[in-house]
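Structure first, then comments.
The values are calculated or read from the model by the stated rules, or taken from the named source; none is laboratory data. Keep in mind that this is a model prediction, so the values were computed, not measured. Quick reminder, even Gly has a Cβ in these numbers, built from the backbone with ideal geometry, and neighbours come from all protein chains shown.
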Amino acid sequence: MNLDFPTQEALTHCITDTNVPGFPKPYKGKVRDVYVLDSDKLGIVVTDRISAFDHIMKEAIPFKGQILNQLAAFSFDKVKDIIATHIIDVPHPNVTIAKKCDTIPIEVVMRGYLTGHAWRVYKSGKRQICGVDLPEGLKEHDKLPNPILTPATKAQEGHDEDISEKEILSKKIVSPDLWNDIKEKAFMLFERGSQIAAKQGLILVDTKYEFGLYNGQLTLIDEVHTTDSSRYFYLKGYEERQAKGDEQKQLSKEFLREWLMDNQFQGLEGQDLPDLPDDFRIKVFERYAELFEMLTGSTFKPQLESNLNDKLVSIFKDAQGQSKT
């Protein structure tokens, strides 16, 4: 990828932590710093942090936050006719001003292919995941007869846990009517994301959606169809690779997890988190940028930042001054 930016400077100017003068300390997720601006709005800063196996890497990935934030904005815009989204404004490549929603504590995972966690469950001999039956005779990365929804509970710490529709309703996590609405929207979103990917030479393999309620209305939050929330295969050659039993070419965080496993780390007790070499950090950036450019059809233009906290003061004050959405 031919990008005009000073590589070493980019590596040393990653956005890993924000602290905005005059605003309360943010909630810090694995990637995002979330500021409560008022009763109605959030200021979401997408940093360059990257995580795998529920651990945040010690080194960040240059411009990853800008890529994720802008890809999410692009994808939210493509589905806003299906469901309301939390987007109010994207005033900076790293920043989203969003509606403050009541989060629904379920990760809605859609799968079109037998890959990742679903394959590991299937390989172990089970033929059901999250209460959904799977047919016999499938191999890794095979396309499923129809997309399936495999929910998980959102864990505050550690791994999310698979949960079935029956358990969601019996535990009264959401009402039956709300769950039906979530399911309907999830399948529609996955169909739209798959169509967009196919037009750009990609396969949307699986993805996760998060929802909230804004003034009682079901709303899509967090991110949608990004590198961090989704797995993509290259469409060209998929069937030939599958027929030969070859590995699929993919754009996702899986290659980071594979690198960590090659370096004896899977997040298990007693394992030391390895350092990410600079050349590997650049490769990770290139993967993220490639997916951005393939999905959006536009060139990623990085913006080097050295004083983001100062800019955030005026961005957040402007957002507070805007009328409620």
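What to note about this one:
- Top-ranked residue of the stretch 117-137 - restricted to ones that are in contact (Cβ under 8 Å) with a residue 24 or more places away in the chain and part of a loop (DSSP other than H, G, I, E, B), ranked as surrounded by the most Cβ atoms within 10 Å (Cβ to Cβ): 130
- Condition met for residue 98 (farther than 30 Å from residue 318 by Cβ and either touching a residue at least 40 places away in the same chain (Cβ under 8 Å) or among the aromatic types (Phe, Trp, Tyr) (or both)): no
- Residue selected from the stretch 83-93 under the condition part of a strand (DSSP E or B) and touching a residue at least 40 places away in the same chain (Cβ under 8 Å), by the criterion surrounded by the most Cβ atoms within 10 Å (Cβ to Cβ): 85
- Matching residues in the stretch 266-313 - criterion: being in a helix (DSSP H, G or I) and polar (S, T, N, Q): 296, 309
- Residue ID - surrounded by the fewest Cβ atoms within 10 Å (Cβ to Cβ), chosen from residues in the stretch 31-82 that are β-branched (Val, Ile, Thr) and assigned to a helix (DSSP H, G or I): 79
- Looking only at residues of the stretch 138-155 that are part of a strand (DSSP E or B) and modelled with pLDDT of 95 or more, we find that the one that is surrounded by the fewest Cβ atoms within 10 Å (Cβ to Cβ) is 146.
- Selection status of residue 239, free of Cβ contacts under 8 Å to residues at least 12 places away in the same chain and out of contact with any strand residue (DSSP E or B) (no Cβ under 8 Å at 6 or more places or on another chain): yes
- Enumeration of residues in the stretch 165-199 that are in contact with a helix residue (DSSP H, G or I) (Cβ under 9 Å, 6 or more places away or on another chain) and of a type in the set (S, T, N, Q): 175
- The stretch 229-265: number of residues that are at pLDDT 90 or above and assigned to a loop (DSSP other than H, G, I, E, B): 11
- Scan the stretch 40-69 for residues that are touching a helix residue (DSSP H, G or I) at 6+ places or on another chain (Cβ under 7 Å) and among the polar types (S, T, N, Q) and the total you get is 1.
- Among residues of the stretch 206-244 being among the charged types (D, E, K, R) and touching a helix residue (DSSP H, G or I) at 6+ places or on another chain (Cβ under 9 Å), the one that is surrounded by the most Cβ atoms within 10 Å (Cβ to Cβ) is 223.
- Residue 52 within 22 Å of residue 295 (Cβ to Cβ) and modelled with pLDDT under 95: yes
Condition check ((1) outside the structural domain of residue 65 (by TED's automatic domain parsing); (2) under 19 Å from the mean Cα position of the chain (by Cα); (3) hydrophobic (A, V, I, L, M, F, W, C); (4) surrounded by 15 or more Cβ atoms within 10 Å (Cβ to Cβ)) across all residues:
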{"residue": "267", "(1), (2), (3), (4)": "no, no, no, yes"}
{"residue": "271", "(1), (2), (3), (4)": "no, no, no, no"}
{"residue": "282", "(1), (2), (3), (4)": "no, no, yes, yes"}
{"residue": "294", "(1), (2), (3), (4)": "no, yes, yes, yes"}
{"residue": "300", "(1), (2), (3), (4)": "no, yes, yes, yes"}
{"residue": "303", "(1), (2), (3), (4)": "no, no, no, no"}
{"residue": "306", "(1), (2), (3), (4)": "no, no, no, no"}
{"residue": "314", "(1), (2), (3), (4)": "no, no, no, no"}
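- If you filter the stretch 156-205 down to residues that are part of a strand (DSSP E or B) and touching a residue at least 60 places away in the same chain (Cβ under 8 Å), you find that the one that is surrounded by the fewest Cβ atoms within 10 Å (Cβ to Cβ) is 203.
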